[in-house]
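**Q** Got a structure for you, questions after.
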Amino acid sequence: YAAPEGTANGTGTKESPVDVETAIANAQEGTAVILLEGTYSFDHQVTIPTTNNGSEKYYKVLKAADGASVTFDFSAQPYDIKDTSVNARGLQIEGNYWYVYGITVYGAADNGIFLAGSHNVIERCILQANRDTGLQISRRASSVTEKKDWPSYNYVINCTSFDNCDPA
């Protein structure tokens with residue numbers, strides 16, 4: 001379990017949750033990171049790196065607890081109107097075989113969710129008031145030139161995206 005008030009020293013139980021970044025970093029294949037109710041506030045990008053993968057048989061899961069309202073609030077990220085290329089994204093998924101469910105992503109300085117990995121599922125998420133697109137599927141950097149490394153086989157299911165725009 002992860003919670004807005006979770007810490008890196010938590011045990012990962014409902015009574016002693018970890019913070020979401022620790023939970024993501026420590027997730028094993030087949031692990032479900034259950035997000036407890038609340039607003040998770042960030043002033044930086046949260047990245048699931050290329051080295052953090054599930055597998056075809058055992059996805060890694062990041063999902064809101066049943067009935068919980070979970071918001072990742074990135075509105076504290078700095079925004080550079082003169083050079084938008086330096087603005088941080090909200091949740092950047094570079095890993096493969098992740099299932100993300102039931103999260104509202106709000107106020108990122110760039111994309112709400114940036115999907116650069118493959119074989120991922122984003123379901124029932126809300127992308128709101130991000131300062132670029134709500135959700136973007138693209139290679140993680142222009143230096144990634146091999147097509148085999150470009151994102152593919154991703155599903156976006158029943159997501160809602162609104163009030164996202166680039167103020168620049």
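**Q** Working carefully through the options G102, G95, find the one that is modelled with pLDDT of 95 or more, within 13 Å of the chain's Cα centre (by Cα) and at positive phi.
**A** When all the criteria are applied, what remains is G102.
**Q** Show the residue pairs meeting these rules: Cβ distance below 6 Å; 6+ apart or different chains; first residue within segment 141-161 and modelled with pLDDT under 95; second residue of a type in the set (S, T, N, Q).
**A** Hits for this filter: P151/S118; S152/S118.
**Q** Cβ-Cβ distance below 6 Å, separation of 6 or more or different chains: which pairs start in segment 2-27 with a residue that is more than 17 Å from D43 (Cα to Cα) and of a type in the set (V, I, T) and end on one that is part of a loop (DSSP other than H, G, I, E, B) and open to solvent by less than 30 Å² (accessible area, probe 1.4 Å)?
**A** Matching pairs, first to second residue: V18/G6; V18/G10; V18/G12.
**Q** Now, a different point. I'm trying to understand the selection: among the residues of segment 20-40, which are of a type in the set (D, E) and over 21 Å from C125 (Cβ atoms)?
**A** Residue satisfying the conditions is E29 alone.
**Q** Give segment 95-127 a look and list any residue that's among the charged types (D, E, K, R) and farther than 22 Å from P78 by Cβ, or say none.
**A** Result: E123, R124.
**Q** Select from segment 75-90 the residues that are small (G, A, S) and within 16 Å of Q136 (Cα to Cα) and write down the one among them that is least open to solvent (accessible area, probe 1.4 Å).
**A** Checked segment 75-90; the qualifying residue least open to solvent (accessible area, probe 1.4 Å) is G90.
**Q** Of everything in segment 35-50, what is of a type in the set (V, I, T) and surrounded by fewer than 18 Cβ atoms within 10 Å (Cβ to Cβ)? Give them in sequence order.
**A** T39, T50
**Q** Hey, any hits in segment 26-48 for a residue that's in contact with a helix residue (DSSP H, G or I) (Cβ under 9 Å, 6 or more places away or on another chain) and among the charged types (D, E, K, R)?
**A** For segment 26-48, residues in contact with a helix residue (DSSP H, G or I) (Cβ under 9 Å, 6 or more places away or on another chain) and among the charged types (D, E, K, R): absent.
**Q** Condition first: of a type in the set (A, V, I, L, M) and either assigned to a strand (DSSP E or B) or under 11 Å from the mean Cα position of the chain (by Cα) (or both). Now tell me which residues in segment 117-146 satisfy that.
**A** Scanning segment 117-146 gives V121, I122, I126, L127, L135, I137.
**Q** Just one of the numbered conditions (1) in contact with a Gly (Cβ under 9 Å, 6 or more places away or on another chain); (2) surrounded by fewer than 19 Cβ atoms within 10 Å (Cβ to Cβ); (3) not polar (S, T, N, Q) is not true of A32; which one?
**A** Answer for A32: the failing condition is (1).
**Q** Which fully enclosed strands (runs of 3 or more DSSP E) of segment 6-112 have 1 or more residues being over 30 Å from K148 (Cβ atoms)? Spell out how you get there, then give the answer.
**A** Values: elements: 32-35, 38-41, 46-48, 60-64, 70-73, 91-93, 98-101, 103-106.
Qualifying strands (runs of 3 or more DSSP E): 32-35, 38-41, 60-64, 70-73, 103-106.
**Q** Every residue in segment 3-24 that is farther than 17 Å from F72 by Cα and open to solvent by 50 Å² or more (accessible area, probe 1.4 Å), please.
**A** Matches in segment 3-24: A8, N9, T11, T13, K14, E15.
**Q** Go through segment 115-150 and report how many residues are of a type in the set (A, V, I, L, M) and more than 21 Å from S161 (Cβ to Cβ).
**A** Count: 2.
**Q** Also, quick follow-up: Which of the residues spanning segment 127-142 are surrounded by fewer than 19 Cβ atoms within 10 Å (Cβ to Cβ), within 23 Å of N96 (Cβ to Cβ) and aliphatic (A, V, I, L, M)?
**A** Passing the criteria: only A141.
The values are calculated or read from the model by the stated rules, or taken from the named source; none is laboratory data. No experiment lies behind these values; they were computed from the predicted model shown. Don't worry about glycine lacking a Cβ; one is built from the backbone with ideal geometry, like all the others, and counts go over all protein chains shown. Heavy atoms of the whole protein, side chains included, go into the accessibility calculation; ligands, DNA and RNA do not. Shrake-Rupley method; radii C 1.70, N 1.55, O 1.52, S 1.80 Å.
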